[in-house]
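So the structure is just underneath, and the comments pick up after that.
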Amino acid sequence: MILKMAAVRRMMKLYGLGFHAIRQQTSLRASRVHQQRAFHVNGAQRQQPFDSSVEKPQFPGASAEFVDQLEFIKPNVISGIPIYRVMDRQGQIIRPTEDPQLSKDTVLNFYQKMTLLNTMDRILYESQRQGRISFYMTNYGEEGTHIGSAAALNPNDLVFGQYREAGVLMFRGFPLDLFMAQCYANADDLGKGRQMPVHYGSRDLNFVTISSPLATQLPQAAGAAYALKRENSNRAVICYFGEGAASEGDAHAGFNFAATLECPLIFFCRNNGYAISTPTNEQYRGDGIAARGPGYGMMSIRVDGNDVFAVYNATKEARRRAVAENQPFLIEAMTYRIGHHSTSDDSSAYRSVDEVNYWDKQDHPISRLRHYMTAHGWWGEDEERAWRKQSRKLVMEAFERAERRLKPHPDLMFTDVYEEMNPGLQKQKESMWRHIQQYKEHYPLDLYDK
């Protein structure tokens, strides 16, 4: 035992000597490097006087100037990012050079799509209240953001929606029958009845299927835009979200990826005042969402979302530059959610009737566009009555067809996951059918597609 301890002490002594020698060599090298550096610096100082006032920061993480006074940056360094608009509340063009000069047919199409969406919302909202569908979300007050932005895109541009962009899909040609089929989850539903209502999608119309979790579409859109950039396909991606979703971590990831990868992507924020029941003054302390763009290195603009022409102009220019320059753009459309968040919400618990009535009666995007058309002699009371009657008839006919249609076949619950059904899913399918056969009285299979 004593011999072992002595051997250990000798090894530790040798280790200590070796470590001491290494430290001396390292110290010597460091001293030489320091001397060399001092020599170069002193040499430079001897060559010319040093003036700290012209010294520029060399840090790789930011581009800025040195200052010699301690001062924190205030949250609101300016009065607020201005709101771009083309029309006032009475539909009058403010600056003629900003008028998009759209044809009569184009403007009438804008108006008819906006009002058709409004009519569909009212009928489907009431159908949920009657227990005919399980859930619904209206688009009241935000129609201008949908139609104005959708009209500015190319048909092959890819759309990532949140859950309040039905007007974008409608403008692209999604028929009323498929809107109804999705909400009723019948056999005609492109999603085969697997999604809850208003979670639309269409491969043919380049509209990615909506999913409920907030902000997941932002990094997905960045990835899709990066792929389009690599393909050099002259296509853009537009990604819609609300100001509440902008508080999610996925929003940061999407913004940063899009900026650093230089993606042809338009981030379109519908700032409608409320994230369900959370008002904007509890959602953020800065100057809205557009103010965040410069922090990520993105071009940004704030527009009047109730002005369909302002939305159109901003989206069109952002789309053009996003594709030409391979860079993302952030558009914040200021609008107001007139309806409840969804049929699961009662907004009277957190906002006044007077507040809602102001936006519904005094500053509605549909009313503003109608004022514009009336001033041009394109629309009057007769046209309004005829179109309202016709649009309601179109929606009700699609509604009745959807109600009569059968539900998707139960086996479709197990398809489209794997190319070939695996044993686990096959076992679940067999178990389901045994259960149905045992309790036939609770499962009216005559209501399901054969």
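The values are calculated or read from the model by the stated rules, or taken from the named source; none is laboratory data. Keep in mind it's a predicted model, so treat the numbers as computed, not measured. Quick reminder, even Gly has a Cβ in these numbers, built from the backbone with ideal geometry, and neighbours come from all protein chains shown. The area values use the complete protein model at the heavy-atom level, side chains included, leaving out ligands, DNA and RNA. Shrake-Rupley method; radii C 1.70, N 1.55, O 1.52, S 1.80 Å.
Structure notes:
- Any hit, the range 331-346, residues being buried (at least 24 other Cβ atoms within 10 Å of the Cβ) and part of a helix (DSSP H, G or I): no
- Subset of the range 156-176 that is open to solvent by 20 Å² or more (accessible area, probe 1.4 Å) and in a helix (DSSP H, G or I) - its residue that is farthest from Asn306 (Cα to Cα): Leu176
- Residues within the range 287-329 that are surrounded by 24 or more Cβ atoms within 10 Å (Cβ to Cβ) and either touching a Cys at 6+ places or on another chain (Cβ under 6 Å) or at positive phi (or both), tallied: 2
- Subset of the range 361-394 [in contact (Cβ under 8 Å) with a residue 12 or more places away in the chain, farther than 18 Å from Val107 by Cα and open to solvent by 50 Å² or more (accessible area, probe 1.4 Å)]: Gln362, Arg392, Leu394
- Residue count for the range 395-427, restricted to those that are without any contact (Cβ under 8 Å) to a residue 60 or more places away in the chain, of a type in the set (Phe, Trp, Tyr) and surrounded by 13 or more Cβ atoms within 10 Å (Cβ to Cβ): 1.
- Taken over the range 110-155, the criterion of being over 26 Å from Ile301 (Cβ atoms), assigned to a helix (DSSP H, G or I) and charged (D, E, K, R) is satisfied by Asp121, Arg122, Glu126, Arg129.
- Residue-level check: of (1) β-branched (Val, Ile, Thr); (2) surrounded by fewer than 21 Cβ atoms within 10 Å (Cβ to Cβ); (3) under 21 Å from Gly339 (Cα atoms), Val107 misses just (3).
- Top-ranked residue in the range 38-97 [being among the charged types (D, E, K, R) and at pLDDT 90 or above; ranked as nearest to Asp363 (Cα to Cα)]: Arg89
- Among the residues making up the range 428-440, those that are open to solvent by 70 Å² or more (accessible area, probe 1.4 Å) and either in contact with a Pro (Cβ under 9 Å, 6 or more places away or on another chain) or over 15 Å from Leu412 (Cα atoms) (or both) are Arg434, His435, Gln437, Gln438, Tyr439, Lys440.
- Note on the range 376-423: residues that are among the basic types (Lys, Arg), closer than 25 Å to Gly191 by Cβ and assigned to a helix (DSSP H, G or I) amount to 2.
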